[in-house]
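Report on one structure; see the data block that follows.
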Amino acid sequence: MKEYKFFLIDIEDHVALVTINNPKALNALSSPVVLEMIDVMQEISAMKDVRCVILTGAGEKSFVAGADIKEMFEMDPAQGKAYGILGSKAFQIIENMPQPVIAAVNGFALGGGCELAMACDIRIAADTASFAQPECGLGIIPGFAGTQRMSRLCGKGFAKMMIYTCNRIKADEALAVGLVQKVVPLEELIPAAKKMASKIASNSPNAVQLAKSAINQGYEMDFVSGNLFESNLFGLCFANSDQVEGMGAFVNKGKAVFTGEPLPKK
Ligand code: COA
């Protein structure tokens, strides 16, 4: 991997642990951090050996404390729009990269931090984590797709309450509304994320990636179109060695070892 200024990357057993490393600013997403995030995620997307990604923040205090307020303070409307488009692009890359991404939320997930967590496939939070969209208290609205993803993930009423009030909620409240999928003590956060990631990595990488695509893209379609899209991807599974391996292991009472390699064309 390339060397990055704001990211630490550790790849082991098909799992990439990506740490946003700007703890002095509580891992705030300045433009240079967002630009690097795009490079990091595009580099990992192309790594066939990586089957699952964990995204976390350096330090014990903050996942990401938001977009960079100091940088935004100076912006005019055109610069504001460009910054929103840049952050949104980075998060769409994460949402659409082939491998699932688990956000391991180790503290503040505020503004862009909450939006980043929502762009990931699954969120595990430390019991010390907190979530908010504080933008309306700063005279702006969420700009990295928070108005869109929060309403889709947790419903319009919850999104409006969070965004209009700017209230901060704790991990257990986030769990209750489905904003996160699991809450664990802080010291167990990375081990729990690694355990989940290695379970994902033990399954067929081809199937997991097609499932990600079916869920994400199908979610934006009407039911019948989404169902047809699923059928097409279901059919594609049978062009991959993982289907032969997985079903062969069941039939022969063995253990499947997946590679994700396509089958030779007949
Ligand atoms: N943008 C830029 N810098 C940020 C930042 C952000 N979103 N969040 C934190 N920082 C910086 C602080 O300015 C401070 O830098 P300094 O030491 O140079 O002054 C450093 O990170 C530490 O933050 P500090 O506020 O001193 O820590 P704290 O523990 O007292 O408070 C927070 C933590 C998260 C409650 C507080 O930093 C905060 O409210 N941050 C902004 C959150 C926000 O509104 N995010 C949404 C942005 S759209």
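The values are calculated or read from the model by the stated rules, or taken from the named source; none is laboratory data. Here the structure is a predicted model, which means the values were calculated and not measured. Virtual Cβ from ideal backbone geometry, glycine too; neighbours counted across all protein chains shown.
Give the residue, chosen from GLU173, GLU135, that is in the same structural domain as ALA28 (by TED's automatic domain parsing) and within 27 Å of LYS195 (Cβ to Cβ). The conditions single out GLU173.
The residue that is farthest from GLY66 (Cα to Cα), counting only those in segment 144-165 that are touching a helix residue (DSSP H, G or I) at 6+ places or on another chain (Cβ under 7 Å) and outside any helix (DSSP H, G or I), is ALA145. Can you say whether GLY218 is within 19 Å of the chain's Cα centre (by Cα) and assigned to a loop (DSSP other than H, G, I, E, B), as far as the supplied structure shows? Considered against the rule, which asks whether it is within 19 Å of the chain's Cα centre (by Cα) and assigned to a loop (DSSP other than H, G, I, E, B), GLY218 comes out as no. With the structure loaded, tell me whether GLY260 is of a type in the set (Gly, Ala, Ser) and surrounded by fewer than 17 Cβ atoms within 10 Å (Cβ to Cβ) or whether it fails that test. Against the criterion (of a type in the set (Gly, Ala, Ser) and surrounded by fewer than 17 Cβ atoms within 10 Å (Cβ to Cβ)), GLY260 does not qualify. Among the criteria (1) out of contact with any Leu (no Cβ under 7 Å at 6 or more places or on another chain); (2) surrounded by 21 or more Cβ atoms within 10 Å (Cβ to Cβ); (3) in contact (Cβ under 8 Å) with a residue 60 or more places away in the chain; (4) closer than 24 Å to GLY143 by Cα, the one GLY80 does not fulfil is (2).
When you scan segment 67-80, do you find a residue that is under 19 Å from the mean Cα position of the chain (by Cα) and closer than 26 Å to PRO191 by Cα, even just one? Checked segment 67-80: no residue is under 19 Å from the mean Cα position of the chain (by Cα) and closer than 26 Å to PRO191 by Cα. Scanning segment 177-221 for residues that are among the basic types (Lys, Arg), in the same structural domain as ALA104 (by TED's automatic domain parsing) and crowded, with 17+ Cβ neighbours inside 10 Å returns a single hit, LYS194.
Within segment 101-123, the only residue that satisfies the criterion of being within 20 Å of PRO185 (Cα to Cα) and surrounded by fewer than 24 Cβ atoms within 10 Å (Cβ to Cβ) is ILE122. For GLY107, the criteria (1) farther than 28 Å from ILE11 by Cβ; (2) within 16 Å of the ligand (Cβ to nearest atom) hold in every case but one, which is (1). Of all residues being of a type in the set (Phe, Trp, Tyr) and under 28 Å from ASN96 (Cβ atoms) in segment 135-171, which is farthest from the chain's Cα centre (by Cα)? Just the residue, please. Per the criteria, the residue is PHE158.
Set side by side, the residues ALA174, ALA132, ALA126 differ, and just one is buried (at least 20 other Cβ atoms within 10 Å of the Cβ), within 19 Å of the chain's Cα centre (by Cα) and more than 26 Å from GLU220 (Cα to Cα), which is ALA126.
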